[in-house]
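Asks: Let me begin by handing over the structure; questions about it come next.
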């Protein structure tokens, strides 16, 4: 099992909103949602829309099939706001370790994201049962209404810890990208959205 699949806990999903990727600029948005920017040129690989979960999976051009190597995932779990982001990540790691016993992580970092509590984690699976490795940057933010997650995944050949498959410069670039994706609320200045005027 890949860490991408295992990083989603059975009972407590990590999640993200997709409306800003699909809605036209003419459609007014109110309330809380995830404000995201699509990496230049990336396309929707697939998405999920249910009463409790919104997911959008993006890949670079040429990786639209099952053999993708790079992916960005936005998830939103409805009515899971005010969850503890650290606890969500810790549970996710526990679930992921079942599919990847050699799972490695850096310490969870916590902080505020546009006024909401958030947590960030770098996690890697050196090699799963399929012989592939995987590296994930994961950011979880607890909104007042929903729980949001942004994830950057690399599928890589199996690796050893003395030869990391993703260099530090690339990790820094994508860490900055994840930091710019944030929940906001059009109805309050406490969690402002881009271009939002004073209420």
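Asks: Kindly list the number of the only condition in (1) without any contact (Cβ under 8 Å) to a residue 12 or more places away in the chain; (2) closer than 23 Å to residue 191 by Cβ that fails for residue 141.
Replies: With respect to (1) without any contact (Cβ under 8 Å) to a residue 12 or more places away in the chain; (2) closer than 23 Å to residue 191 by Cβ, residue 141 is out only on (1).
Asks: Quick check on the range 178-193: of everything there that is touching a strand residue (DSSP E or B) at 6+ places or on another chain (Cβ under 6 Å) and under 30 Å from residue 127 (Cβ atoms), which residue is surrounded by the most Cβ atoms within 10 Å (Cβ to Cβ)?
Replies: The selected residue is 181.
Asks: For residues that are part of a loop (DSSP other than H, G, I, E, B), buried (at least 19 other Cβ atoms within 10 Å of the Cβ) and over 16 Å from the mean Cα position of the chain (by Cα), tally how many sit in the range 32-82.
Replies: The qualifying residues number 0.
Asks: Within the range 88-199, which strands (runs of 3 or more DSSP E) (wholly inside it) include 3 or more residues that are in contact with a helix residue (DSSP H, G or I) (Cβ under 8 Å, 6 or more places away or on another chain)?
Replies: 116-125, 132-142, 147-157
This table checks each residue for (1) modelled with pLDDT under 95; (2) surrounded by 16 or more Cβ atoms within 10 Å (Cβ to Cβ); (3) touching a strand residue (DSSP E or B) at 6+ places or on another chain (Cβ under 8 Å); (4) closer than 21 Å to residue 60 by Cβ.
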{"residue": "106", "(1), (2), (3), (4)": "yes, no, yes, no"}
{"residue": "120", "(1), (2), (3), (4)": "no, yes, yes, no"}
{"residue": "135", "(1), (2), (3), (4)": "no, yes, yes, yes"}
{"residue": "139", "(1), (2), (3), (4)": "no, yes, yes, yes"}
{"residue": "153", "(1), (2), (3), (4)": "no, yes, yes, yes"}
{"residue": "162", "(1), (2), (3), (4)": "yes, no, no, no"}
{"residue": "176", "(1), (2), (3), (4)": "no, no, no, yes"}
{"residue": "195", "(1), (2), (3), (4)": "yes, no, no, no"}
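Asks: Here is a follow-up. Among (1) surrounded by fewer than 13 Cβ atoms within 10 Å (Cβ to Cβ); (2) at pLDDT 90 or above; (3) within 22 Å of residue 131 (Cβ to Cβ), which single condition is residue 5 missing?
Replies: Status for residue 5: all satisfied but (2).
The values are calculated or read from the model by the stated rules, or taken from the named source; none is laboratory data. In this text, all values refer to a predicted model and were calculated from it rather than measured experimentally. For neighbour counting, all protein chains shown are included, and Cβ atoms are generated from backbone atoms with ideal geometry for every residue, glycine included.
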